[in-house]
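Step one of this worksheet: look at the structure below.
No lab work stands behind these numbers, since they all come straight from the coordinates. Worth saying up front: this structure is predicted, and the values here are computed from it rather than measured. Every residue, glycine among them, receives a Cβ derived from its backbone with ideal geometry; neighbour counts consider all protein chains shown.
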């Protein structure tokens, strides 16, 4: 048995670990430039395009008995919108803002089928989802206009969709974000504005999916605001929540008029946010060491298959591809702050017994990770890393592949005693030396952490006896 001093271990509560709040990071030139540096750089105009577009549909159980075209013209009274004879093309935007309307066969504009439908709804009860799945008729609408009127006219389009869905007693499908809504839930979009500024989190969705070993995040819906969508590649599963918050910050600043300089740099500042709702939410979630601002690089990119029919900006982190996840962690730590915990642990009989129970359970998961992690799952293992003094520093590793006796993964801590080992580093560990694991399933439930629970109980007991 190694000594207590040799076994220096990082111990996290589950909630901290799964939010991927890493150790405090030092800003770098690529990720941590300050606002003064941005102000000095030459700036390009804001990224607003020529046009905005909002496509939505209304699903009803049966074909409407009402004349939908007539109802549309009635609902347009006072909006200043026209009625378009065909969908907007790629040329100049229509002036005034216009609405195209059609009633295709349901097969031509079918909803996602089966169990997959639940992934496209956000505000429905089980009964409402069943009603939506039983709809057999659809009316589709495309609102398009000049981008310099996007905030005013997109807001009118939201109210238009609500009026028509109420009149037709139907469900609203936002074809830009690929989400279905009740009229009740749609009100949050209509009302969630601060003056002429929308809360981007209510109008844009972020699609995250496994792309090989790691995750890709891409926004859907920015075309409604006349702006490009934003994506980021090769994100570790435990960083998707934080990276999603960074994308939301970038998109809100885009909506508020922030631009990219000639080198492709973009100032992502929480303090500069004009919209109080997002600003307050981000400020409440900050932890120790947060700088609250970050300069990132955005580059035009061709869309991937399945992306929105829109311009796309890719959030890039220049440097060696082998250390990309380290730069991700550094950027997240710079912007939102980070916290870590460390303790000297004696590997006594009870702790070793708990570790052995964990290893036995862990072996049953190996086959699932032979190529890449299963969709929606995150597996973390506690592994030893040899310190310069010859001891062990135990740290968490996110598993991306497990073949033979070797696990390829991403380190989830900054090492205390190993200077060159950083949060986000790609590492390999042997499965025979693992000490514990935490599995987070797709439904949010957890498994493992045998030794963590034992140590937590001991800490609580010491705390109570010292009072």
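Before moving on, here are some points about what is shown:
- Over the range 49-188, Cα pairs under 8 Å with separation of 6+ residues give a relative contact order of 42 percent.
- Listed from fewest to most Cβ neighbours within 10 Å, the set 395, 215 follows the order 215, 395.
- Among 203-214, 435-446, 221-232, the order from most to least packed when residues are scored by Cβ within 10 Å on average: 221-232, 203-214, 435-446
- Inter-site label distance for residue 386 and residue 356 at 7 Å from Cα along Cβ, in nm: 2.6
- FRET efficiency, residue 418 to residue 349 (Cβ-Cβ, R0 35 Å, nearest 0.05): 0.80
- Rounded FRET efficiency, nearest 0.05, which uses the C-beta distance separating residue 465 from residue 119 and R0 of 41 Å: 0.25
- Whole-number percent relative contact order across the chain, with pairs defined as alpha carbons under 8 Å at least 6 apart: 20
- Between residue 458 and residue 70, the simple spin-label model (points 7 angstrom out along Cα→Cβ) gives 7.9 nm.
- Neighbour-count ranking [beta-carbon atoms within 10 angstrom, fewest first] of 266, 120, 171, 109: 109, 120, 266, 171
- Sites residue 83 and residue 405 - FRET efficiency at Förster radius 51 Å, r taken between beta-carbons, to 0.05: 0.15
- For a modelled paramagnetic label at residue 304, 7 Å from Cα along Cα-to-Cβ, the residues of the range 231-272 in reach, with backbone nitrogen under 11 Å, are 231-235.
- Sorting 76, 286 from the fewest to the most surrounding beta carbons within 10 angstrom yields 286, 76.
- Stretched out straight at 0.36 nm per residue, the stretch from residue 130 to residue 110 would grow longer than its current Cα-Cα span by 5.7 nm.
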